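Asker: There's a structure below that I have some questions on.
The values are calculated or read from the model by the stated rules, or taken from the named source; none is laboratory data. If you're wondering where the values come from, they're calculated on a predicted model, not measured in any experiment. Glycine also receives a Cβ, built like all others from the backbone with ideal geometry; neighbour counts cover every protein chain displayed. The protein model used for the area step is the full one, side chains on, heavy atoms only, and it has no ligands, DNA or RNA in it. Shrake-Rupley method; radii C 1.70, N 1.55, O 1.52, S 1.80 Å.
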Amino acid sequence: MKTIINSLLLTAVSIMAVAQTPKSGYTVNGQIGSLNGAKVYLSFMTDGHDHTDSATLVNGAFKFTGHMNPYSSVRMAIDHKGVGREIATRGGDVIYFHFGDETLNISSKDSLANAQMTGSKTYDEYAAYAKAVGPMPWDIDKISNAEIAAAPELVQDTAFTNQVARHHYQMIADFQKKNLEFAKTHPASYFAPVALFGTAANDKTVTIAEQIFKTFTPDIQATENGKTIQGFIDAHYRLKIGGAAPAFTQVDPAGKPVSLSAYKGKVVLIDFWASWCSPCRQEIPNLVTQYKRYKDKGFEILSVSLDNSRNNWLKAIQQEGMPWAQVCDLNGQNNSVARLYGVSAIPATFLVDRNGNLIQTGLRGEDLNKKLGELFKD
């Protein structure tokens, strides 16, 4: 059930940069009651790289300054109990919003959850979008968690957990439906591409996204979010089962170029992952097992990391004992190969045959094992 409840957290695997015309920088002024000593954490992505910052509240006040390029989805959390950043940002007093290189004022008597936001045009536009499509994913998580917390005696009851799960996924479906409607009816909104993301990232619905995207105003199509949507559309037409897998070259930890074309004659699993991606790392032991089982029969794995920290990348490779080829351009979620393959979330896999043609996508766990068993059966 925990997997269900955490499935849509903003920080997990969503790959969507947010940017427009650069400005001078951002300032966040905060006033949360008269709290003293509590830590507030700010995190977002800019230029494909993670940015994190923290401040200590003094008489309820805090301030952040910096630069983003220049609009991004942001997570902010206050650690009221001194539990540390990792735990504080997983739940509790956490908010998600958009703003940019502007001044944003945050005020509340007691918490971020009850805060008022003023001063940012981007935030105001985001608030209008969120109102139209809400509840947002993190709100859905809170609702589902509250349903479970209200009946702790039923946590082991399959019928109860299935009921909560059905409600959870129905809320997700409603959220996606409202996003699609927003994209259709707000072609000049900066958040139209954001609303279209889920439809464009799904290969089954990307052609629907393509038709809607064509109705967006030229300036919205030209935003980084618009370019991301266009990238998904282009990747859809590049990636066809039975067609050639797009060629690429990227460097390994030693700086040596590694090309997909070098694996001609092998069955190759292109594995997109990152050191910070828990589901990716949970799958690695299975990949190690399958690699050892089928390597001598012509199976190879080529892992493409979406890390932007070389140290974190190399440390994870060593920790997980991954004996196959590893490549990375250290551009984080803007990795050029991930863009080429239209990767919107990780883990993501693409299975390529001995002739360099795409066999299947999205294989993991037992589905991958079964497919490899079929391909390498004696």
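Asker: If you take the residues of segment 50-75 that are under 19 Å from the mean Cα position of the chain (by Cα) and touching a residue at least 40 places away in the same chain (Cβ under 8 Å), which of them is nearest to Lys109 (Cα to Cα)?
Answerer: Selected residue: Arg75.
Asker: For residues in segment 258-307 being aromatic (Phe, Trp, Tyr) and touching a helix residue (DSSP H, G or I) at 6+ places or on another chain (Cβ under 9 Å), which is nearest to Val337 (Cα to Cα)?
Answerer: Quick first cut of segment 258-307, residues aromatic (Phe, Trp, Tyr) only: 263, 272-273, 276, 291, 294, 299.
The next check asks that each one be touching a helix residue (DSSP H, G or I) at 6+ places or on another chain (Cβ under 9 Å); those that pass are 272-273, 276, 294, 299.
On the way: Phe272: 9, Trp273: 12, Trp276: 18, Tyr294: 25, Phe299: 21 Å.
Checked segment 258-307; the qualifying residue nearest to Val337 (Cα to Cα) is Phe272.
Asker: Now a separate question. With segment 188-272 as the region, which helices (runs of 4 or more DSSP H) entirely inside it contain at least 2 residues that are touching a residue at least 60 places away in the same chain (Cβ under 8 Å), buried (at least 20 other Cβ atoms within 10 Å of the Cβ) and of a type in the set (A, V, I, L, M)?
Answerer: Hits in segment 188-272: 192-201.
Asker: A further question on this structure: Are any residues in segment 126-166 open to solvent by less than 40 Å² (accessible area, probe 1.4 Å), in contact with a helix residue (DSSP H, G or I) (Cβ under 7 Å, 6 or more places away or on another chain) and of a type in the set (A, V, I, L, M), and if so, which ones?
Answerer: Across segment 126-166, the qualifying residues are Val133, Met136, Ile140, Ile148, Ala151, Val164, Ala165.
Asker: If a residue must be more than 25 Å from Gly100 (Cβ to Cβ) and open to solvent by less than 70 Å² (accessible area, probe 1.4 Å), how many such residues does segment 167-179 contain?
Answerer: In the first step, residues of segment 167-179 are kept if they are more than 25 Å from Gly100 (Cβ to Cβ); the result is 167-174, 176-177.
Going one step further and asking which of them are open to solvent by less than 70 Å² (accessible area, probe 1.4 Å), we end up with 168, 171-174.
Residues meeting the conditions: 5.
Asker: Having 3 or more residues that are surrounded by fewer than 16 Cβ atoms within 10 Å (Cβ to Cβ) is the bar; report the helices (runs of 4 or more DSSP H) wholly within segment 288-378 that clear it.
Answerer: 310-320, 365-375
Asker: Residue by residue through segment 296-313, note down the ones that are under 21 Å from the mean Cα position of the chain (by Cα) and in contact (Cβ under 8 Å) with a residue 60 or more places away in the chain.
Answerer: Listed by number, the residues that qualify are Leu306, Asn308, Trp313.
Asker: Next up: I need a count of the residues in segment 37-49 that are surrounded by 15 or more Cβ atoms within 10 Å (Cβ to Cβ) and over 14 Å from the mean Cα position of the chain (by Cα).
Answerer: Taking segment 37-49 first, the residues surrounded by 15 or more Cβ atoms within 10 Å (Cβ to Cβ) are 38-49.
This time we only want the ones that are over 14 Å from the mean Cα position of the chain (by Cα), so: 38-42, 47.
Number of matching residues: 6.
Asker: Taking segment 318-335 as the region of interest, how many residues are more than 25 Å from Thr46 (Cα to Cα) and touching a strand residue (DSSP E or B) at 6+ places or on another chain (Cβ under 6 Å)?
Answerer: 2
Asker: Among what's in segment 81-94 and is modelled with pLDDT of 90 or more and surrounded by 19 or more Cβ atoms within 10 Å (Cβ to Cβ), pick the residue that is nearest to His49 (Cα to Cα).
Answerer: Taking the candidates together, the pick is Val94.
Asker: For segment 51-64, state whether one or more residues are open to solvent by less than 20 Å² (accessible area, probe 1.4 Å), under 28 Å from Phe175 (Cβ atoms), in contact with a strand residue (DSSP E or B) (Cβ under 6 Å, 6 or more places away or on another chain) and part of a strand (DSSP E or B).
Answerer: Checking segment 51-64: not a single residue is open to solvent by less than 20 Å² (accessible area, probe 1.4 Å), under 28 Å from Phe175 (Cβ atoms), in contact with a strand residue (DSSP E or B) (Cβ under 6 Å, 6 or more places away or on another chain) and part of a strand (DSSP E or B).
Asker: For the structure I just gave you, tell me whether Met16 is at pLDDT below 95 and assigned to a loop (DSSP other than H, G, I, E, B).
Answerer: Judged against the criteria, Met16 is a match.
Asker: Given the conditions (1) under 27 Å from Asn311 (Cβ atoms); (2) open to solvent by less than 60 Å² (accessible area, probe 1.4 Å); (3) in contact with a Leu (Cβ under 8 Å, 6 or more places away or on another chain); (4) not acidic (Asp, Glu), report the number of the one that Pro279 does not fulfil.
Answerer: Only one criterion in (1) under 27 Å from Asn311 (Cβ atoms); (2) open to solvent by less than 60 Å² (accessible area, probe 1.4 Å); (3) in contact with a Leu (Cβ under 8 Å, 6 or more places away or on another chain); (4) not acidic (Asp, Glu) is unmet by Pro279, namely (3).
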